[in-house]
1. Just the number, please: Stokes-Einstein D of the stretch A:1-83 in µm²/s, Kirkwood Rh from C-alpha pairs, 4 °C, 1.567 mPa s.
2. With the cut-off at 1.5 for a/c, could you classify chain A from its C-alpha gyration tensor as rounded, prolate or oblate?
3. Expressed in nm to one decimal, what extension gain is obtained for the pair residue A:2 and residue A:40 from 0.36 nm per residue of sequence separation less their Cα-Cα distance?
4. If you take the beta carbon distance between residue A:107 and residue A:236 as r and set R0 to 22 Å, what does 1/(1 + (r/R0)^6) give as a FRET efficiency, to the nearest 0.05?
5. How high is the relative contact order of the stretch A:154-254, in percent, with contacts defined as C-alpha pairs under 8 Å that are six or more residues apart?
6. With the Cα gyration tensor of the stretch A:129-171 giving a ≥ b ≥ c as the square roots of its eigenvalues, does the rule (a/c under 1.5 for rounded; else a/b larger than b/c for prolate; else oblate) give rounded, prolate or oblate?
7. Within the stretch A:75-132, which GluC sites (Glu not before Pro) sit in a loop by DSSP and count at most 15 neighbouring Cβ atoms inside 10 Å?
8. Amide H neighbours of residue A:230 under 5 Å, at least 5 residues apart or on other chains, H built in the peptide plane: list them.
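Bear in mind that the values in this text are calculations on the coordinates, not laboratory data. Here the structure is a predicted model, which means the values were calculated and not measured. Note: ideal-geometry Cβ built from the backbone for every residue, glycine included; neighbour counts use all protein chains shown.
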Amino acid sequence: MKLASWNVNSIRQRLAHVRDWLVAEQPDVLALQEIKCVTADFPAAEFEALGYHCAVEGQKAYNGVALLSRLPPAAITSGLDGFEDEQKRVLAATYDGVRVFDLYVPNGQSVGSDKYAYKLRWLGALRETLRGALDQHAKIAVVGDFNIAPEDRDVHDPDAWRDQVLCSDAERERLQALFALGFVDVFRRFEQAPGAFSWWDYRAAAFRRNHGLRIDLVLASPALAAQCTASGIDRAPRSLGQPSDHAPVWAEFA
DNA sequence: ATGGTGGCGCGGCCA
């Protein structure tokens, strides 16, 4: 099973890129974030024509997540347990016994802001949701835009980013709390070249200079991580015209 | 350089 995740920054603007990538890479599941449209406006028919099922949690203008899959989704849920939220950031479904969570973690804006406090609360609720899910499912994948660079090697200039949002200790501790549940950042299970990032700011020629962060992750529960055979980041779509600011990330499971 | 670019939707917010 090949699982992938891509923050597309508007599915309506990125439809051609996503369609081309699906045809080329044939993932079994592609989790999308920042679709930036209501569910009724999601171009489901375009993906169904390629043989993909769609589960969509849309929102006007901001956020929004969707799951595209070869198999039909089972047991679709949205949101975090016990966390009321207007913002559509979480969608989960089960495929062939694998529970897949698609996340668009809050950005947090800046350390100390109201949005940062919301991000930390949200990550606390995520931890509780995943702890509960582990009681129900052995094989869980948690994929998406985590808006946290796990370590300094995931940051092009760690000193410049020190204590900034996406890199602060409190955010990294919340991510470590997921690892403490047994989840594994499968990308790091494999040999990777340095400077492997998944997001580059649109400004200041950041992609050309590889001024990026690795903030898009595939986490796997212990039983699923044991089946992981490969993981990577596909930089190619980021170099196309009118790209998303994120690249797709993927992992394969036996 | 207190900037820069991009999306939504049409002024300002968000990333």
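1. Details: Rh = 12.8 Å.
For the chosen part, D equals 101 µm²/s.
2. Working: a/c = 1.24, a/b = 1.09, b/c = 1.13.
Because its axes are fairly even, with a/c under 1.5, chain A counts as rounded.
3. On the way: separation 38, 0.36 × 38 = 13.68 nm, distance 2.74 nm.
The span from residue A:2 to residue A:40 would gain 10.9 nm if fully extended.
4. Values: r = 25 Å, r/R0 = 1.13.
Taking R0 as 22 Å, the efficiency between residue A:107 and residue A:236 is 0.35.
5. Numbers: 146 pairs, mean separation 28.5, N = 101.
Reported relative contact order: 28 percent.
6. Working: a/c = 3.91, a/b = 2.77, b/c = 1.41.
Here the stretch A:129-171 falls in the prolate category.
7. Working: sites: A:84, A:86, A:128; in loops: A:84, A:86.
Those satisfying the criteria are A:84, A:86.
8. Hits under the 5 Å cutoff: A:252.
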